[in-house]
Amino acid sequence: MNASLFSSGAKKVNKLQTWLTLCLLAILLMFAIKPRYGGTLTIRLNEPASFLLSGSTYSNLVFYSLIYENLFYQMPNGQIHSNLFSSYQYNSESRSLTLELKDDLCFSGGQAISINDVTTSLKLFREMELTSAVKFSRNLKGVRTQGNQVVIELQQDNPDILYLMSAPELVLMASGPQTFSGPFFPAEWNKGRQILLQANPNYPGGRPYLDQIRVNFENTGRYDLFLSGPGQTLREFKEWEAGIFQNIYLIFPQGGVGINTKTALFTLMNQFNDSLGKRFSDLHSLTTDQESPVSINISTLPADKVFSILRTVETPLYIISSLNFLDKELRQYLETTRIRLETIYIDDTQLKSFQATNPVKYVLIDKVFQKKSPPEEKIIQILKEFSFIRYNEKYLNLWNELEEIKTLPSRTLLIEQLAKINEAFINDGMILPLFQKKFSLYAIRSLKGMALDISGRPILAQVYREE
């Protein structure tokens, strides 16, 4: 009997010890892995032109992802995620996607996020002159609402519709006064120096761990996060490959520019890049040299010839505003050459409307591409998104042919078509490729919770500092 009592008591003690051990472990794990709220992250980016969405550069893609929330994210493993919808279901029979908005969501200013904000955002996206927006609109039959749901009806069955809707430019915009849907919102803008972003307490993905992000534009001081060329050895930083590159082109949208002027402008920009220590790589194709079926070699002129041609040019060189980080150095370089070439910056989103009413003879423009995208998709982007007033039937036919051929198994036909398009653009003098810049993201190792989406953007809402 005593032995039986002793055995029973031992079991109770063992259970108590096990329970206490588990509690202690849970407490230790909780304090060991629970992120700490607070702190400021300092990031180095190029200064945006405004708070209006523009994703023409990698720097812009990163900046606007901090203040605007995407309807959907696609992670590198292919998973689709949304902080806005409690469910998203595609029905092949009805060819429709139903999105159910989460309850009690708010913008940074406290205004409720409504189903109308979602439909407004879809409308704004469809109006963008982007390949992703065109693909989405081409298959769209209609958008209707029912309660807290948006139903997107398609012309034909497309189970991959969510992948189209994970485009980085499809973000939640307010129907009314300007407010922000992203993990942070702008609190202060010191032009030319920095923008201070505050954590959005109403962020649909949950309150960010960081209190602030300081976005600096000057290349001075220490940074926790910055963009640079790949392959740098920095002991305190971890390199994250962005998987994208940025191309810069010289385009001639309206014609009427002589071959000497085109060649002189091309030479001038190459000499400018030389003066920067070859900050950008030379580009000899419309996309990237490694995947191009042809190499484009454009003749240059001696410096005295460039000066002779351009010193009398009165037409300004228009430059997309996303390239305004080059402004100071470009003006300084032009002063050293004594070429009085006026430079005018145009907001990325206003180029088409501006050139419809103004004589825009030459423009410096840039475009971001994902390395993993097939070359034919990049060429289609150029054909579709670079809007030319003299965009004629010849190019529409080339585009249609490429759309047909890219679905065929014959790689030879595809390469021939890509070569034909490359040569047509260059021979017609519509677009001259200048430079290419590849990117990596460098994050200080004390930052935890870092992840990139498929567009190479850091998801900073869940980033925190390790104590």
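Structural remarks
- Enumeration of residues in the stretch 369-385 that are in a helix (DSSP H, G or I) and either among the charged types (D, E, K, R) or not assigned by TED's automatic domain parsing to the domain that holds Asn400 (or both): Glu376, Glu377, Lys378, Lys384, Glu385
- Only residues that are over 18 Å from Asp327 (Cα atoms), modelled with pLDDT of 85 or more and touching a Pro at 6+ places or on another chain (Cβ under 8 Å) were counted in the stretch 43-79, giving 10.
Yes or no, residue by residue, for (1) touching a Gly at 6+ places or on another chain (Cβ under 6 Å); (2) under 19 Å from Gln381 (Cα atoms); (3) among the aromatic types (Phe, Trp, Tyr):
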site: Leu122; (1), (2), (3): no, no, no
site: Pro168; (1), (2), (3): yes, yes, no
site: Leu172; (1), (2), (3): no, no, no
site: Ser175; (1), (2), (3): no, no, no
site: Phe180; (1), (2), (3): no, no, yes
site: Phe185; (1), (2), (3): no, no, yes
site: Trp189; (1), (2), (3): no, no, yes
site: Ala199; (1), (2), (3): no, no, no
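- Close pairs (8 angstrom Cβ cut-off, 6 or more residues apart or separate chains): assigned by TED's automatic domain parsing to the domain that holds Lys361 and in contact (Cβ under 8 Å) with a residue 12 or more places away in the chain in the stretch 292-319, assigned to a loop (DSSP other than H, G, I, E, B) and β-branched (Val, Ile, Thr) anywhere: Val306/Ile339; Phe307/Ile339; Leu310/Ile339; Arg311/Ile339; Tyr318/Val360
- Residues of the stretch 94-132 that are of a type in the set (Asp, Glu), out of contact with any Lys or Arg (no Cβ under 8 Å at 6 or more places or on another chain) and more than 22 Å from Gly147 (Cα to Cα): Glu127 alone.
- Considering residues of the stretch 293-315 that are at pLDDT 90 or above and not in a helix (DSSP H, G or I) only, the residue farthest from Lys361 (Cα to Cα): Pro302
- Look at the stretch 414-439: where a residue is over 16 Å from Val363 (Cβ atoms) and a partner is at pLDDT below 80 and aromatic (Phe, Trp, Tyr), sitting 6+ places away or on another chain with Cβ atoms under 8 Å, you get Ala424/Tyr395.
- Hey, Leu276 in contact with a Phe, Trp or Tyr (Cβ under 6 Å, 6 or more places away or on another chain) and aliphatic (A, V, I, L, M) or not: no
- Positions within the stretch 317-344 being modelled with pLDDT under 90 and part of a strand (DSSP E or B), in sequence order: Ile320
- Any hit, the stretch 422-441, residues being β-branched (Val, Ile, Thr) and not in a loop (DSSP other than H, G, I, E, B): yes
- Strands (runs of 3 or more DSSP E) wholly inside the stretch 39-119 containing at least 2 residues that are in contact with an Asp or Glu (Cβ under 6 Å, 6 or more places away or on another chain): 40-44, 85-91
- Counting residues in the stretch 211-233 that are at pLDDT 90 or above and in contact with an Asp or Glu (Cβ under 8 Å, 6 or more places away or on another chain) gives one or more.
- Hey, Leu317 of a type outside the set (Val, Ile, Thr) and over 30 Å from Tyr37 (Cα atoms) or not: yes
This table checks each residue for (1) touching a Leu at 6+ places or on another chain (Cβ under 7 Å); (2) surrounded by 19 or more Cβ atoms within 10 Å (Cβ to Cβ).
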site: Lys102; (1), (2): yes, no
site: Gly109; (1), (2): no, no
site: Ile113; (1), (2): yes, yes
site: Asp117; (1), (2): yes, yes
site: Leu130; (1), (2): no, yes
site: Val143; (1), (2): yes, no
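- The stretch 180-208: number of residues that are modelled with pLDDT under 90 and under 21 Å from the mean Cα position of the chain (by Cα): 0
- Contacts under 6 angstrom Cβ, first residue in the stretch 327-341 being of a type in the set (Ser, Thr, Tyr), partner modelled with pLDDT of 90 or more, 6 or more apart: Tyr333/Phe272; Tyr333/Ser275
- If you go through the stretch 272-288 and keep only what is assigned to a helix (DSSP H, G or I) and in contact (Cβ under 8 Å) with a residue 40 or more places away in the chain, you end up with Phe272, Asn273, Ser275.
- Exactly one residue out of Ser292, Ser308, Ser322, Ser285 is surrounded by fewer than 20 Cβ atoms within 10 Å (Cβ to Cβ) and of a type in the set (Gly, Ala, Ser), and it is Ser308.
- Unmet requirement for Tyr90, which otherwise passes all of (1) under 28 Å from Ala187 (Cβ atoms); (2) crowded, with 16+ Cβ neighbours inside 10 Å; (3) touching a Leu at 6+ places or on another chain (Cβ under 8 Å): (1)
The values are calculated or read from the model by the stated rules, or taken from the named source; none is laboratory data. From a predicted model like this one, the values you see are computed outputs, not experimental measurements. Using ideal geometry, Cβ is built from the backbone for each residue, glycine included, and neighbour counts are taken over all protein chains shown.
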